[in-house]
Amino acid sequence: MKDIRTITLDLDDTLWEIHPVIRRAELRLYEWLGDNYPRITEMFTLEATRELRARVLERHADRAHDLTFLRQTILSEIATAAGYTEFLVEEAFAVFDEVRNDVDMFPEARPTLVALRERFTLVALTNGNANLEKIGIADLFDAHINAQMAGAAKPERPIFDAAVEAGGASAAQTLHVGDHPWFDVHGARQAGLRTVWVNRSEQEWPDEYEAPDVEVRHIGELLELMR
C-alpha cells in the first residue's frame, strides 16, 4: 500500500447504512403524495410504486445508472395514471431527496476521512445520488464521481476510470474502498485499482470473485493499514 496516492470511497453502506434511509425517504414521499396528490395514493400502494421500478428499468435500460431519472420517471408515470396533468415532479423528488440525504454516518467514518485526507487525495465514488453538501461531508473529499456523472455504474469500468482521472494518480496508485464484492471490489480490480473490502457483517467472500487485496470490518481500520 506504500505507493497509494488516491483513495476512492464508496458511500452507501460503507460510510453509513443506506436501506433504512431509503425506506424512510420513500415513506415520507408517499405521505407527501397523499397530502398533495391524494388520487395517487388511492390508486397505488407504496409497494406498488416500488414494483413499478422494475418496469421502468426495463423500458429505460440505457438509463439504469441514473437513479434520479428513474425515480422521477416513476413519479411522473403514477401522477399521469392518477390524472394529474400539472404534477411538479421536481418538487416531489425534493421531498424524497431531503430524507435520502439525512444519514447517520458510522462513528468511525468522519474521523477516518479527516485523517486520510491529510495524506491522500480522496474521491467519493458511488452509484447512488447522495448529496455531499447536504450530508455535510463535501469538505472531506477532493472530488465526487457518481454513476449519473460518469454515464455508467459500478462495476462498469468507465466510472472507475473517471474516479482515477479525478484523483490524479494512476489506477495502480489508486485504492478503492467499498462494501460490495461485485460492484466495488470486482469492478475496481477489473479497472486496475487496488481494493479494500469493507465487511461489516462478517460475510464469507464469494468464491466466484478474486479476493480483495485487504479486508476490513470498517473504514477505521484503514488508518492502521495505510501506515
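Just the residues that are closer than 28 Å to T68 by Cβ, over 15 Å from the mean Cα position of the chain (by Cα) and of a type in the set (D, E), please, taken from the range 102-139.
Passing the criteria: only D139.
So the check is Cβ under 8 Å with 6+ separation or different chains; which pairs have a first residue in the range 63-81 that's without any contact (Cβ under 8 Å) to a residue 24 or more places away in the chain and a second one that's polar (S, T, N, Q) and buried (at least 16 other Cβ atoms within 10 Å of the Cβ)?
none
Test each condition in (1) surrounded by 14 or more Cβ atoms within 10 Å (Cβ to Cβ); (2) at pLDDT below 95; (3) over 30 Å from H218 (Cα atoms) for A64 and report the one that comes out false.
(3)
Applying the selection to the range 40-84, what residues are hydrophobic (A, V, I, L, M, F, W, C), under 19 Å from A152 (Cβ atoms), within 19 Å of the chain's Cα centre (by Cα) and outside any loop (DSSP other than H, G, I, E, B)? Outline the logic, then answer.
We begin by selecting, within the range 40-84, every residue hydrophobic (A, V, I, L, M, F, W, C); these are 40, 43-44, 46, 48, 52, 54, 56-57, 61, 64, 67, 69-70, 74-75, 78-79, 81-82.
Filter again for under 19 Å from A152 (Cβ atoms), leaving 56-57, 61, 64, 67, 69-70.
From what is left, the residues that are within 19 Å of the chain's Cα centre (by Cα) are 57, 61, 64, 67, 69-70.
Listed by number, the residues that qualify are L57, A61, L67, F69, L70.
Being touching a Leu at 6+ places or on another chain (Cβ under 9 Å) and not charged (D, E, K, R) is the filter; apply it to the range 140-149 and report the residue that is farthest from L67 (Cα to Cα).
Filtering first and then ranking leaves L140.
Restricting the range 171-199 to residues that are in contact (Cβ under 8 Å) with a residue 60 or more places away in the chain and assigned to a loop (DSSP other than H, G, I, E, B), which is farthest from T68 (Cα to Cα)?
L193
Give me the residue from the range 1-55 that is modelled with pLDDT of 95 or more and among the hydroxyl-bearing types (S, T, Y) and, out of that set, surrounded by the most Cβ atoms within 10 Å (Cβ to Cβ).
The selected residue is T8.
Conditions first: (1) in contact (Cβ under 8 Å) with a residue 60 or more places away in the chain; (2) assigned by TED's automatic domain parsing to the domain that holds A152; (3) among the charged types (D, E, K, R). E26 passes all but one, so which condition is the exception?
All conditions pass for E26, except number (2).
Look through the range 163-202, keep the residues that are out of contact with any strand residue (DSSP E or B) (no Cβ under 7 Å at 6 or more places or on another chain) and of a type in the set (D, E, K, R), and return whichever of them is surrounded by the fewest Cβ atoms within 10 Å (Cβ to Cβ).
E202
Could you list, in sequence order, the residues of the range 128-159 that are polar (S, T, N, Q) and touching a residue at least 24 places away in the same chain (Cβ under 8 Å)?
We begin by selecting, within the range 128-159, every residue polar (S, T, N, Q); these are 129, 131, 146, 148.
Passing the criteria: N129, N131, Q148.
Taking the range 12-29, which residues are out of contact with any His (no Cβ under 9 Å at 6 or more places or on another chain) and part of a loop (DSSP other than H, G, I, E, B)?
If the condition is that a residue be out of contact with any His (no Cβ under 9 Å at 6 or more places or on another chain) and part of a loop (DSSP other than H, G, I, E, B), then L15, E17, I18 are the ones that fit.
For residues in the range 85-108 being in a loop (DSSP other than H, G, I, E, B), touching a helix residue (DSSP H, G or I) at 6+ places or on another chain (Cβ under 7 Å) and not acidic (D, E), which is nearest to R157 (Cα to Cα)?
Top of the filtered list is N101.
Determine which single condition A211 fails, assuming it passes every other condition in (1) among the small types (G, A, S); (2) free of Cβ contacts under 8 Å to residues at least 40 places away in the same chain; (3) buried (at least 19 other Cβ atoms within 10 Å of the Cβ).
So A211 meets the others, but not (3).
The values are calculated or read from the model by the stated rules, or taken from the named source; none is laboratory data. The structure displayed is predicted, hence computed values, not measured ones. All Cβ positions, glycine included, derive from the backbone under ideal geometry; neighbour counts span all protein chains shown.
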